[in-house]
Amino acid sequence: MNNPDTSPTPFAVLVHGDPRQSKSHLSAQKFIAAIYQSSKRVSQVFFYGEASSICGNYSSHADAQNQLQQKWLTLSKKHHFPLQACITTATNRGVVDKQESNETGKNVNLVEGFKLEGLGMLAEAVSSSCKLIEFGD
Amino acid sequence: MPAKLLIIIDQAPKPDETLANLKFKETIDAALGVAAFGIEVSLWFSGDGVHCLQKSKQFKIIEALNYYDIENIYVIHKDWGDFKDLAITITQVDDRELSTIVKQQQTILRMN
């Protein structure tokens, strides 16, 4: 006898607000915490545009940005969802992963726990059965 | 049947607004990038956003939309002025038609 999958529809989260200026990251984090309190789950978080700078380790980051970054890593580790930043928008904002480092000689500054991915991840979130929620400026 | 995504653009950056222009470009990039994966992408230019549709060096990236088969570009009648020399082909709709389009979408984003 086949049992239908009754697990609740997961959420995918898109963040595109500037972590230095907008409340989008904080709002997204509060939303995710509420999701898990209601026994639902998040399948992925995708950072696009200005938001993608959250995955880099910069000495110029203000304390508030560092706190946002750490909170993302804590949530991701606790609830096992991936933190994905758009490779193009992140690279354009100075984020360097291992591949970019090998090609350009620049030091890696991608924070462990974040991953650079293409827009295929956003397409996947749109086309899957997830509910995609965006947080912007 | 492909999934459907509607992106709303309701702002037109001024030429000297560097970050706003970058955000606009990246919104169009997202539309193009997601469409490449078989998603049916539509755009709704609303309010001030309609000014991005006129042919200009500032918004040249718009021309890529039709080139990459994104043809569902909507503007509501009331937002449409006496615009000439458009960068792309658009479809003017009324409120009811737009409401129908919105209901058909899997996802609606406002990335600017």
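Just so it is clear, none of the values below were taken in a lab; they were calculated from the coordinates. If you're wondering where the values come from, they're calculated on a predicted model, not measured in any experiment. For neighbour counting, all protein chains shown are included, and Cβ atoms are generated from backbone atoms with ideal geometry for every residue, glycine included.
Relative to one another, the C-alpha centroids of region A:104-131 and region B:76-112 are positioned 30 Å apart. Can you give the angle from 0 to 90° between the axis of helix A:63-79 and the longest principal axis of chain A, with both taken from C-alpha atoms, to the nearest 10? With both axes taken from Cα atoms, the answer is about 40 degrees. Residues whose amide H lies under 5 Å from that of B:I7, counting only those 5 or more places away or on a different chain, are B:S42, B:L43, B:W44, B:L109; hydrogens are built 1.01 Å from N in the peptide plane. Each Lys or Arg adds one and each Asp or Glu takes one away; over the other residues whose Cβ falls under 11 Å from the Cβ of B:P13, this sums to 0.
Please label the shape of the protein assembly as shown as rounded, prolate or oblate, based on the square roots a ≥ b ≥ c of the eigenvalues of the alpha-carbon gyration tensor (a/c under 1.5 means rounded; beyond that, a/b larger than b/c means prolate, else oblate). Note, shape of the protein assembly as shown comes out oblate. Taking other C-beta atoms within 10 Å as the exposure proxy, B:R96, A:R20 rank B:R96, A:R20 from fewest upward. For chain A, averaging the sequence separation of C-alpha pairs within contact (under 8 Å, six or more residues apart) and dividing by the residue count gives a relative contact order of 35 percent.
Residue order for B:S46, A:S101, A:S59, fewest other beta carbons within 10 angstrom first, comes to A:S59, A:S101, B:S46.
When a/c reaches 1.5 or more, the comparison of a/b and b/c decides; with that in mind, is chain B rounded, prolate or oblate per its Cα gyration tensor?
oblate
When A:K23, A:K40, B:K84 are sorted by how many other C-beta atoms sit within 10 angstrom of their C-beta, beginning with the fewest, the order is B:K84, A:K23, A:K40. Hey, quick one: spin label on B:Q58, modelled 7 Å out along Cα-Cβ, who in region B:4-30 has an amide N within reach, i.e. under 20 Å? Hits in region B:4-30 for B:Q58 at 20 Å: B:8-29. Please return the longest range in chain B lying between exposed loop sites, taking GluC sites (Glu not before Pro), DSSP loop only, at most 15 other beta-carbon atoms within 10 Å, and leaving the sites out. Between exposed loop sites, the widest span is B:18-70. Counted by Cβ distance under 14 Å from A:P82, the other residues give a net charge of +1, where Lys and Arg count +1 and Asp and Glu count -1.
Only Cα pairs under 8 Å and at least 6 apart count here; give the relative contact order of chain B as a rounded whole percent. All intermediate terms of the calculation are to be shown ahead of the outcome.
On the way: 174 pairs, mean separation 41.8, N = 112.
That works out to 37 percent.
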